[in-house]
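Peer 1: Have a look at this one.
The values are calculated or read from the model by the stated rules, or taken from the named source; none is laboratory data. This is a predicted model, so every value here is computed, not measured. Cβ placement follows ideal geometry from the backbone for every residue including glycine, while neighbour counts extend to all protein chains displayed. For the accessible areas, the whole protein counts, side chains as well, though only heavy atoms, and no ligand, DNA or RNA atoms are used. Shrake-Rupley method; radii C 1.70, N 1.55, O 1.52, S 1.80 Å.
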Amino acid sequence: MSGRSSKDLAHWCSAGFLCASVTVTVEGFAWLIPWDRATTFLSFAFFQSALTTITIGTVRHYQQRARAEMLVLPLILFVALQPLVLYDLPRDSLLHAIGYQAPSVIMTALAAAAIWSRRRRRTADLLLATILGLSSTQFAMKAALAYQISTGAGVRSYIVSTYAYYSQTAGAILSLLLGLTIFGVIVTELMADACIDAQQDSLSDTLNRKGFLSQGRTILACALPGIPQCVIMADLDHFKSINDRFGHAAGDEVIATFGSLSRQLCGEKGICGRIGGEEFAMLLSPCDELQAILLVKTLRSALTQQSYRLVPEATSISASFGIAQTGHSETLEDTMRRADLALYEAKMNGRDCYKLAPAAGAGKDDQTAIANIA
């Protein structure tokens, strides 16, 4: 979820709490409104609008493919039925109680379900789903309570009834918890977005050095024993010449293109980062040397087939690569160092090729390049 999604949730929920405040205002000044039917209708309409807008915002936030705006249709139906049907039913009847509380039960339950059905849920998300679930339960209990005790003959008598005391107290507590939890969700996601931005290289749209090292260490720490991982170090060949001949904008285009290709090929199997001017690093897990070689070959082929807006077609864009498979209990930095030495070997042997680093802990007699593809 992005910062834009968080702001969208904030806008919808703000509109919801604004409608809820109008509900309180209507009930507070009910004694000034001469028509009880109008007072009841306005109170019901604004309260249901509050729940619906909060539910729409929640569903849009957690289930972005859902057409949450369609919830406006049942809102219109519920509000229309209030003066036409519900108002004329006996206030202490079960049908009246269910008719008044069912829309609230449904809306809050839908919002809670939208969160629970999402695979990845953080603590703040679980808290929000719990508060919404409790709210839905509370509305269902209000229907039962309204049937058991008197709710008053109208809005004016309802405000001073025992039912209103318990109803408003529980509602106020849950509304406060709901507002605080929504605020917590938004703050949590904005902080997460800020953390991602701090670890992102804007030009290549890959991780920066800090982000690559941070996420890479986590991947290695969580890897199961015996599962191979590979680090690939890459360096764009003659990059300074590209800048000098065609300008820095052309160099930026080449970096952005290489970053895009690397990111696509890594996919969900690994991470990619720009750790220097024209130097990139990839960590693949699970991945052995043969799989890493296949990825490098694919990347080299894709790079030669790219066309650039600011670089002439006759100009060859290539890269050199160093590959190292992580050793037992080896740190990410140690693996990167071995891959970097292999990359240096590739550049010393003509560039536009790759080299495999010796296995971790290999002796001096084994410190030779293993493979070279022209």
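Peer 1: What is the distance in Å between the Cα centroid of the stretch 7-50 and that of the stretch 201-250?
Peer 2: Measuring centre to centre over Cα atoms gives 54 Å.
Peer 1: Nearest 20 debye, what's the magnitude of the dipole of the stretch 67-192 about its Cα centre given +1 on Lys and Arg Cβ and -1 on Asp and Glu Cβ?
Peer 2: Values: 9 positive and 5 negative charges, 74 e Å.
Using only the charged Cβ atoms, the result is roughly 360 debye.
Peer 1: Hey, another quick one. Could you calculate the FRET efficiency of Arg122 with Ser93 from 1/(1 + (r/R0)^6), where r is the beta carbon distance between them and R0 is 25 Å, rounded to 0.05?
Peer 2: On the way: r = 43 Å, r/R0 = 1.73.
Taking R0 as 25 Å, the efficiency between Arg122 and Ser93 is 0.05.
Peer 1: While we're here: Only Cα pairs within less than 10 Å get springs; with that Gaussian network setup on the chain, which residue of Leu310, Leu220, Leu283 has the largest fluctuation?
Peer 2: In the Gaussian network model the winner is Leu310.
Peer 1: Same structure, new question: Which shape class, rounded, prolate or oblate, goes with the stretch 177-270 when its Cα gyration tensor gives a ≥ b ≥ c as root eigenvalues, a/c under 1.5 marks rounded, and past that a/b bigger than b/c marks prolate? Let's see the in-between values first.
Peer 2: Working: a/c = 3.38, a/b = 1.48, b/c = 2.28.
Oblate, because a/c is 1.5 or more while a/b does not exceed b/c.
Peer 1: Relative to the Cα centre, what is the charge dipole magnitude of the chain, using +1 at the beta carbon of each Lys and Arg, -1 at the beta carbon of each Asp and Glu, and rounding to the nearest 20 debye?
Peer 2: Values: 31 positive and 31 negative charges, 158 e Å.
Dipole of the chain, to the nearest 20 debye: 760 debye.
Peer 1: Roughly what % of Cα-Cα distances in the chain sit above 25 Å, to the whole percent? Write out the running numbers ahead of the final one.
Peer 2: Details: 45364 of 69751 pairs.
So the portion of pairs separated by more than 25 Å is 65 percent.
Peer 1: Further, regarding this structure: Antiparallel DSSP bridges in the chain: what percent, to the nearest 5? Can you show the working numbers first?
Peer 2: Values: 20 of 24 bridges.
Percent antiparallel among DSSP bridges in the chain is about 85.
Peer 1: Here is a follow-up. At 1.4 Å probe radius, can you tell me the per residue accessible area of the chain in Å²?
Peer 2: Details: 19530 Å² over 374 residues.
Heavy-atom SASA per residue in the chain reads 52 Å².
Peer 1: Springs between alpha-carbon pairs under 10 angstrom, Gaussian network model over the chain: which of Leu295, Leu77, Leu110 fluctuates most?
Peer 2: It is Leu77.
Peer 1: Still on this structure, please answer the following. Quick one: what do you get for the stretch 44-99 if you divide its Cα Rg by 2.2 N^0.38 Å?
Peer 2: Numbers: Rg = 13.7 Å, N = 56, 2.2 N^0.38 = 10.2 Å.
So the Cα radius of gyration is 1.35 times the expected 2.2 N^0.38 Å.
Peer 1: Got the relative contact order for the stretch 1-101 handy, in percent, Cα pairs under 8 Å and 6 or more residues apart?
Peer 2: On the way: 82 pairs, mean separation 29.0, N = 101.
Value for the stretch 1-101: 29 percent.
Peer 1: While we're here: If I compute solvent accessible area with a 1.4 Å probe over the protein chains, what percent of it on the stretch 156-217 is carbon and sulfur? Could the numbers behind the result be given before it?
Peer 2: Details: 2340 of 3470 Å².
That share works out to 67 percent.
Peer 1: Whenever you get a sec, compute what percent of the accessible area on the stretch 244-289 sits on carbon and sulfur atoms (1.4 Å probe).
Peer 2: Values: 850 of 1880 Å².
Reported share for carbon and sulfur atoms: 45 percent.
Peer 1: Here is a further query. Quick check: at a probe of 1.4 Å, how many percent of the accessible area of the stretch 19-67 sits on carbon and sulfur atoms?
Peer 2: Working: 1650 of 2450 Å².
After summing per-atom areas, the C and S share lands at 67 percent.
Peer 1: Can you tell me the relative contact order of the chain? Whole percent, Cα pairs under 8 Å, sequence separation 6 or more.
Peer 2: Dividing the mean separation by the residue count of the chain yields 12 percent.
Peer 1: Compactness ratio of the stretch 6-135: Cα Rg over 2.2 N^0.38 Å, N = residue count?
Peer 2: Rg over 2.2 N^0.38 Å, computed on Cα atoms: 1.13.
Peer 1: Identify all lysines with a Cα-Cα distance to Lys297 below 26 Å; exclude those on the same chain that are fewer than 8 residues away in sequence.
Peer 2: Within the straight-line limit of under 26 Å, Lys297 reaches these lysines: Lys240, Lys269, Lys347, Lys355.
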